[in-house]
Structures are given as C-alpha cells and as structure tokens.
Amino acid sequence: GAAISILAALDLEYQTQDRTVYLYNFGEPRVGDADFAAYAAAHLPDGYQFRVTHHRDPVPHAPPMDFGFLHTSHELFYDNDGNTSYATCADSTTAEDPNCSDQFLLPIDIMDHLLYLGISTHCQMN
C-alpha cells in the first residue's frame, strides 16, 4: 500500500507536471536509498508529502538502513493511540529523525501497524 503510493505519486507528478500532487500514507516501509529520498523531496516537497507513522509499527523499519535504504522525509509521528497529538519530525534526505519512529528498534508491535488515527485497519475473524 504505502510503498506503492509514493511511487504512484511520483509517477503522477511526472506525468502531470502542471498539477500539484499531495500524498499522505500510513506505515510506509523504506522504498529507496538516499538518492531516491532526495528525488522524492524535490518532486513532493514539504507540505505536499507526509509519511504518517505510529509508535512501534515495525513496517517503517524495513528494509533496514544498514542495507542502504532511507525513508523519504516529512514524517508525522504518533507516539500514542494514533488519534491525538503528533510530532513533525526533523528528518532529511540523508538521515531519519532519531526522536520519531526511528527511536524504536525493539520491541516492535504489529498492532501499531494495524491502528492508525484511532481506526483499526485489520480484518476481524469470527
């Protein structure tokens, strides 16, 4: 979902350069390297692209930065149930903000990936 959304937004911005593209996604994994992050920042600048993260969601930590991956900037971090206050993170095209989702390595909680803005996104089995 979220990984495809940033690729689609960049393609849409390229195809329709006379239009403004806005992107909000939730729980995005790392999609590319520092060059990709810089490209995304240039084409989806601050105020047009937001990467929402929630507490100990494990997905934003994959793939690892040790493999050369880096998030795009503009993280909004919810360190609660995801429906109240948030932090606007000071990440860049070369580093992730260590005070936001990047502060957590372990333990992680898959339920934090399934709850964003107070809304459960997982299927319930009876």
Q. Can you give the calculated 222 nm mean residue ellipticity of the chain, where each DSSP H run of n ≥ 4 adds -39,500 (n - 2.57) and the sum is split over every residue, rounded to the nearest 500 deg cm²/dmol?
A. -6000 deg cm²/dmol
Q. Which value in nm describes the separation of the simple spin-label points at residue 12 and residue 34, placed 7 Å from the Cα toward the beta carbon?
A. 3.0 nm
Q | q = 0.14, 0.21, 0.22 Å⁻¹: log10 I(q)/I(0) that the Debye formula gives for the chain, counting C-alpha atoms only | A | -0.58, -1.23, -1.32
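For the range 40-79, just run the numbers: alpha carbon Rg, then divide by 2.2 N^0.38 Å, N being how many residues it has. Each step should come with its number before you reach the end.
Details: Rg = 11.2 Å, N = 40, 2.2 N^0.38 = 8.9 Å.
Here the answer is 1.25, to two decimals.
Which order do you get for 101, 92, 85 if you rank them by accessible area with a 1.4 Å probe, largest at the top? Write down the numbers at each step before the final one.
Working: 101 5, 92 45, 85 80 Å².
Reading off the accessible areas and sorting them downward yields 85, 92, 101.
What is the magnitude of the charge dipole of the chain about its Cα centre, with +1 placed on the Cβ of each Lys and Arg, -1 on the Cβ of each Asp and Glu, and no other charges, expressed in debye to the nearest 20? Please list the in-between numbers first.
Working: 4 positive and 18 negative charges, 55 e Å.
It works out to roughly 260 debye.
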Q. Which shape class applies to the range 11-55: rounded if a/c is under 1.5, otherwise prolate when a/b exceeds b/c and oblate if not, where a ≥ b ≥ c are the square roots of the Cα gyration tensor eigenvalues?
A. oblate
Q.
If I ignore ligands, DNA and RNA and count only protein heavy atoms, how much of residue 21 is accessible to a 1.4 Å probe, in Å² to the nearest 10?
A. 20 Å²
Q) Tell me, what is the 1.4 Å probe accessible area of residue 51, in Å² to the nearest 10? A) 0 Å²
**Q.** Among 29, 44, 15 the positive-end extreme of the charge dipole of the range 13-52 (Cβ point charges)
**A.** 29
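Go through 46, 66 and list them by solvent-accessible area, largest first, probe radius 1.4 Å. Mind showing how you got there, number by number?
Values: 46 115, 66 150 Å².
Accessible-area ranking of 46, 66, largest first: 66, 46.
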Q: Over the chain, with every protein chain in place, what whole percent of the accessible area is carbon and sulfur at 1.4 Å, could you tell me?
A: 57 percent
Q | Projected label distance in nm at residue 22 and residue 121, using a 7 Å step from Cα toward the beta-carbon | A | 1.9 nm
Q.
For the chain, give me the percentage of DSSP beta bridges that are antiparallel, rounded to the nearest 5 percent.
A. 40 percent
**Q.** Average accessible area per residue (Å²) across the chain - probe 1.4 Å, nucleic acids and ligands excluded
**A.** 58 Å²
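The values are calculated or read from the model by the stated rules, or taken from the named source; none is laboratory data. Since we're looking at a predicted model, the values are computed, not measured. No Cβ is skipped: glycine too gets one built from the backbone with ideal geometry, and neighbour counts run over all protein chains shown. Heads up: the accessible areas ignore ligands, DNA and RNA and are worked out on the full protein's heavy atoms, side chains in. Shrake-Rupley method; radii C 1.70, N 1.55, O 1.52, S 1.80 Å.
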